[in-house]
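The next block holds one structure in the form of structure tokens; read it before the comments.
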Amino acid sequence: MSDLVIPAPSLPTVPTTTGGAFPVRRIYCVGRNYAAHAREMGHDPDREPPFFFTKPADAIVVHGEAVPYPPQTAQLEYEIEQVVAIGVGGSDIAAADALAHVWGYAVGIDLTRRDLQAEAKRLARPWDLAKGFDASAPIGALRPANGVDPARGAIELRVDGVVRQRGDLADMIWPVADVIAALSRTVRLEPGDLVFTGTPDGVGPVTPGQELSGSLDGVGTVHARIV
Ligand code: MN
């Protein structure tokens, strides 16, 4: 094997509740997975199969580290989401087998440059830089799947202590097992992949100096300070 011509990039990891670190390979995100959020974004939730976009693995922010307000936007928005960590890879995974591929769960924030996303939609351009920018994926510790019910649980986001989003995983249009099945028909899932499973309604803007905190019952919390 040839020597590396620059130093190898560091491996992004997410802390776990068991003490070890989960290495992140890729980050997939589901769009419009709660009917009320689909409606608030101007779409009919009954007519849309799940669709996906991605963030780079190094968009991960852990331990409540500060999130620099990103450039090229005047409308940074929060989306609180359940996050699924894939521990066992596979393609064409059946929904009935999907949960056996999960290492664990966390709660995370899909930070979005909403103005860039709106422009991308208008011009029929990719969402990549509206969704996948530096520090766009704050996440809490991963809890092993054993004992977690991924199909229900209150999920909430607060800005400076004020509740802005409050939903329940039971309201997801496509539950975790269906999300994994659908995604694995499109790409081969591998250990280290994370999947953000969509946000309930109530998304909105956040400005420098504000503190985001989120929680998912039975799983954990996430914190991010915008600076
Ligand atoms: Mn999202």
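The values are calculated or read from the model by the stated rules, or taken from the named source; none is laboratory data. Just so you know, these numbers come straight off a predicted model, no measurement behind them. Using ideal geometry, Cβ is built from the backbone for each residue, glycine included, and neighbour counts are taken over all protein chains shown.
Observations
- Residue list for the stretch 130-177, filter: part of a helix (DSSP H, G or I), buried (at least 18 other Cβ atoms within 10 Å of the Cβ) and touching a residue at least 24 places away in the same chain (Cβ under 8 Å): LYS131, LEU169, VAL176, ALA177
- The stretch 103-129 - residue that is assigned to a loop (DSSP other than H, G, I, E, B) and surrounded by fewer than 17 Cβ atoms within 10 Å (Cβ to Cβ) and, of those, nearest to the ligand (Cβ to nearest atom): PRO126
- Taken over the stretch 42-56, the criterion of being within 16 Å of the ligand (Cβ to nearest atom) and either surrounded by fewer than 16 Cβ atoms within 10 Å (Cβ to Cβ) or of a type in the set (Lys, Arg) (or both) is satisfied by GLY42, HIS43, PRO45, GLU48, PHE51, PHE52, LYS55.
- Residues located in the stretch 1-39, provided they are surrounded by fewer than 16 Cβ atoms within 10 Å (Cβ to Cβ) and within 16 Å of the ligand (Cβ to nearest atom): ALA36, ARG39
- Criterion applied to ALA85, ALA100 was being modelled with pLDDT of 95 or more, within 28 Å of ASP149 (Cα to Cα) and either assigned to a loop (DSSP other than H, G, I, E, B) or out of contact with any Asp or Glu (no Cβ under 9 Å at 6 or more places or on another chain) (or both), and the one residue passing it is ALA100.
- For the stretch 130-144, the set of residues classified as more than 13 Å from the ligand (Cβ to nearest atom), among the small types (Gly, Ala, Ser) and more than 20 Å from SER215 (Cβ to Cβ) consists of ALA135 only.
- Members of the stretch 26-47 found to be assigned to a loop (DSSP other than H, G, I, E, B) and either at positive phi or under 14 Å from the mean Cα position of the chain (by Cα) (or both), listed by number: ARG26, ARG32, ASN33, GLY42
- Counting the residues of the stretch 59-97 that are in contact with a strand residue (DSSP E or B) (Cβ under 9 Å, 6 or more places away or on another chain), over 17 Å from LEU129 (Cβ atoms) and away from the ligand (no atom under 16 Å from the Cβ) gives 14.
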